[in-house]
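What follows is calculated from the coordinates using simple rules that are stated; it is not laboratory data. For clarity, every value in this text was computed on a predicted model and none was experimentally measured. As a convention, Cβ positions derive from the backbone with ideal geometry for all residues, glycine included, and neighbour counts pool all protein chains shown.
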Amino acid sequence: MQTRNVILTAVGAVALGYLINRLIQTQREVPVVGTKPSREEDVDMTIDDSFPASDPPSWSSGNIH
């Protein structure tokens, strides 16, 4: 019976540690409300989003002129 109590206590301690860790991580990941990206960040994001479309094709028809 004593071994069972030790195991239950250990499992409870691990579960409590896990819950505390998750609580701390959740609080750390809360975004700041009301922040807006700067104009430069908007431009950078637009450039990154359009990257493949702004490049010319990397192939040619194979005809030598």
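Using a simple spin-label model with pseudo-atoms 7 Å out from Cα toward Cβ, Thr3 and Ile20 lie 2.9 nm apart. Model label sites at Ala13 and Ile47, defined 7 Å from Cα along the beta-carbon direction, differ in position by 5.4 nm.
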